[in-house]
Amino acid sequence: MADPIAKDGSGCYTEHGVSGYGVAAKLSRKELMNEDFVKTMAESMMVAIAQNCMDLGARCIGHIKSHIRTEAGTIKADTIGPTHGSYSKGHLTKAG
Amino acid sequence: MKITQIAGFLGCGKTTLLLKLSREIANEGQRKIALVVNEIGEIPVDGKIMEESGMQVKDIGGGCICCEVAATFAKTIYRLYKDFKPDHVLVEPTGVAVPHQVKLAARMGGRDAKISIGPAIVLFDATRPAELLDMDMLGQLVTTQIKDADVIAISKIDAVDEAAVSESAEKVREYNTKAEICNLSSFSGTGLDQLADVILSWEA
């Protein structure tokens, strides 16, 4: 049986030039935000990140996803590339 | 304890399917289900969301379970068997994982646990077949996943027309002549019953 663990420590995806990144950030805004505002912002952010990656030389976007957690609930937004647009779901129960 | 993986390239709908499929297989508590979610990044994103579903979730980050963190995956399988004893473990590897290597890693965990290996279900995104199969980009990776599949689910069929679904099915058939191919929309529920039946009846 072949050993699935690479001896050189590299991942199965390394040779394909695939890499993954993650970041967490705390955002705040003085004005109240409703669900539509947060969803629009999240979707815009996803597409902007994807477009920036392409502009910087990425040849394909795998999956960029985000969870925006607020006191009023969580909004999730993702994209698989700028040409595919972005999609968001989730609900906020009140202005947060 | 049967271990089934829901594989496929990044963004093909694995997480959405896993959440719906786990409820379908649990059948209102008749079967005990555990989910294992693997992400390359250090910050777990999907695992947290799955925990909100109320399922038993194990999150493995920081590398791919088919290679870099295969040993961690094997230990996780063993601990699930010892501590939770689920009927089914549904595994979501990273979008770059190689399904047959995930099976090997799961078997490592099964040395001291009574497990059976379920089907490797590989999702293929019907909204971007050309992008996925472009050999100058991701083709080698995606075709390896397709070749390893026991079942191929053409995903997001609600987002494309019938001709596009057929085109995707024809393309994946070129790389895997044996796998069962089904259509899937996690949003509309198309194909969920079929995949649940395959998992429940699968005998390695």
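Rule-based calculations on the coordinates, nothing more; no lab input. Note that this is a predicted model, so its numbers are computed, not measured. For neighbour counting, all protein chains shown are included, and Cβ atoms are generated from backbone atoms with ideal geometry for every residue, glycine included.
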Completion exercise
Over chain B, the sum of -39500 (n - 2.57) across DSSP H runs of at least four, divided by residue number and rounded to 500 deg cm²/dmol, gives at 222 nm -11500 deg cm²/dmol
Practice task
Just need log10 I(q)/I(0) for the protein assembly as shown at q = 0.11, 0.15 Å⁻¹, Debye formula, equal scatterers on the alpha-carbon atoms, no solvent, rounded to two decimals.
Solution key: -0.65, -1.24
Exercise for the section: Please report, largest first and rounded to whole Å, the three semi-axes of the ellipsoid equivalent to region B:12-120, where each semi-axis is the square root of five times an eigenvalue of the C-alpha gyration tensor. Expected result: 19, 17, 12
Problem - Fewest-first sequence of A:Phe37, B:Phe124 by Cβ atoms within 10 Å of each Cβ - result: A:Phe37, B:Phe124
Practice task
Return the aspartates and glutamates within reach of B:Lys58: Cα separation strictly under 15 angstrom, same-chain partners fewer than 8 residues apart disregarded; answer none if there are no such residues.
Solution key: B:Glu39, B:Glu42, B:Asp46, B:Asp83, B:Glu92
Exercise for the section: Place the peptides A:82-90, B:83-91 in order of packing, highest mean first, counting for every residue the other Cβ atoms within 10 Å and averaging per peptide. Expected result: B:83-91, A:82-90
Handout entry: Base-10 log of normalised Debye intensity for region B:87-135 (one unit scatterer per alpha-carbon) at q = 0.26, 0.32 Å⁻¹
Key = -1.09, -1.35
Practice task
Counting residues in region A:27-89 as N, plug N into 2.2 N^0.38 Å and put the Cα Rg over that result.
Solution key: 1.18
Completion exercise
By Cβ neighbour count within 10 Å, fewest first, B:Arg128, B:Arg79 rank B:Arg79, B:Arg128
Completion exercise
Residue by residue through region A:38-49, the couplings from Karplus 6.51 cos²θ - 1.76 cosθ + 1.60 with θ = phi - 60°, in Hz, x for Gly and Pro, are 5, 5, 4, 5, 4, 5, 4, 5, 4, 5, 5, 5
Exercise for the section: Determine ³J(HN,Hα), in whole Hz, for all residues of region B:119-129 in sequence, where each value follows from phi through the Karplus function 6.51 cos²θ - 1.76 cosθ + 1.60 and θ = phi - 60°; x replaces Gly and Pro. Expected result: x, 8, 8, 10, 8, 10, 6, 5, 7, 8, x
Fill in the blank from the handout: Expressed in µm² per second, the diffusion coefficient of region B:96-204 from the Stokes-Einstein equation, with Rh the Kirkwood radius over alpha carbon pairs, at 37 °C and 0.692 mPa s, is 223
Fill in the blank from the handout: The ³J(HN,Hα) series, computed from each phi in region B:158-167 with the Karplus coefficients 6.51, -1.76 and 1.60 at θ = phi - 60°, rounded to the nearest Hz and given as x for glycine or proline, is 6, 9, 9, 8, 4, 5, 5, 5, 4, 4
Problem - Taking B:Val165, B:Val142 and counting other C-beta atoms within 10 Å, the order from fewest to most - result: B:Val165, B:Val142
Handout entry: Virtual spin-label span in nm between B:Glu170 and A:Thr93, 7 Å along Cα→Cβ
Key = 5.1
Practice task
Take the cross-link list B:Lys20/B:Lys75; A:Lys30/A:Lys89; B:Lys114/B:Lys156; B:Lys75/B:Lys147; B:Lys14/B:Lys82 and give me the ones stretching past 30 Å between alpha-carbons.
Solution key: B:Lys114/B:Lys156
Practice task
Select from B:Gln101, B:Gln145, B:Gln30 the residue whose mean-square fluctuation is largest in a Gaussian network model of chain B (Cα-Cα springs shorter than 10 Å).
Solution key: B:Gln30
Handout entry: Linear extension gain, B:Ser201 paired with B:Asp112, 0.36 nm per residue minus alpha-carbon span
Key = 29.6 nm
Exercise for the section: Quick one: compute a quarter of the convex hull surface over the Cα atoms of chain B and quote it in nm². Expected result: 10.5
Exercise for the section: Would you mind checking which residues have amide H under 5 Å from B:Ala7's amide H? H placed 1.01 Å from N; only 5 or more apart, or other chain. Expected result: B:Ile121, B:Val122, B:Leu123
